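The structure appears right after this line, and notes come after that.
The values are calculated or read from the model by the stated rules, or taken from the named source; none is laboratory data. Predicted, not measured: the structure shown is a model, and the values here were computed from it. Methodologically, a virtual Cβ is constructed for each residue, glycine included, from the backbone with ideal geometry; neighbour enumeration extends over all protein chains shown.
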């Protein structure tokens, strides 16, 4: 999917849903709240937030939460994800936060890197759009394991 093919209204809706998901963040250690809204090819939206743990390793990012919710319901074809992140309690003008490397690797498992879009949002009006390939050049995915 070309960046231009994603309608502005869809981008804005995904960012609004990611902002809402961010309000559920459980981040008492990093104080960095993340919300994500994942759009499936069939038009469904799955949201997620980051959930931290005192042992750190069991912590999960908002992007992976959204992916795992979708996959656990049988959905494996995705178009785009909006990510909204920033310091706890911050409202309004947030910085643009990009997915971590682990989240990008999960995206490689289920998405076409050339067409899957990652929307880094601050507000529905302020955002940047990238392909997974732009954020994870030469990524390792299922096709690398084909004989």
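What do you reckon, is residue 59 more than 19 Å from residue 7 (Cα to Cα), modelled with pLDDT of 95 or more, surrounded by 15 or more Cβ atoms within 10 Å (Cβ to Cβ) and in contact with a strand residue (DSSP E or B) (Cβ under 8 Å, 6 or more places away or on another chain)? Don't jump to the end; show me each part of the working.
Working: more than 19 Å from residue 7 (Cα to Cα): yes; modelled with pLDDT of 95 or more: yes; surrounded by 15 or more Cβ atoms within 10 Å (Cβ to Cβ): yes; in contact with a strand residue (DSSP E or B) (Cβ under 8 Å, 6 or more places away or on another chain): yes.
The answer is yes for residue 59.
Yes or no: the stretch 74-96 includes at least one residue that is surrounded by fewer than 24 Cβ atoms within 10 Å (Cβ to Cβ), within 15 Å of residue 48 (Cβ to Cβ), at pLDDT below 95 and under 14 Å from the mean Cα position of the chain (by Cα).
No, because not a single residue in the stretch 74-96 is surrounded by fewer than 24 Cβ atoms within 10 Å (Cβ to Cβ), within 15 Å of residue 48 (Cβ to Cβ), at pLDDT below 95 and under 14 Å from the mean Cα position of the chain (by Cα).
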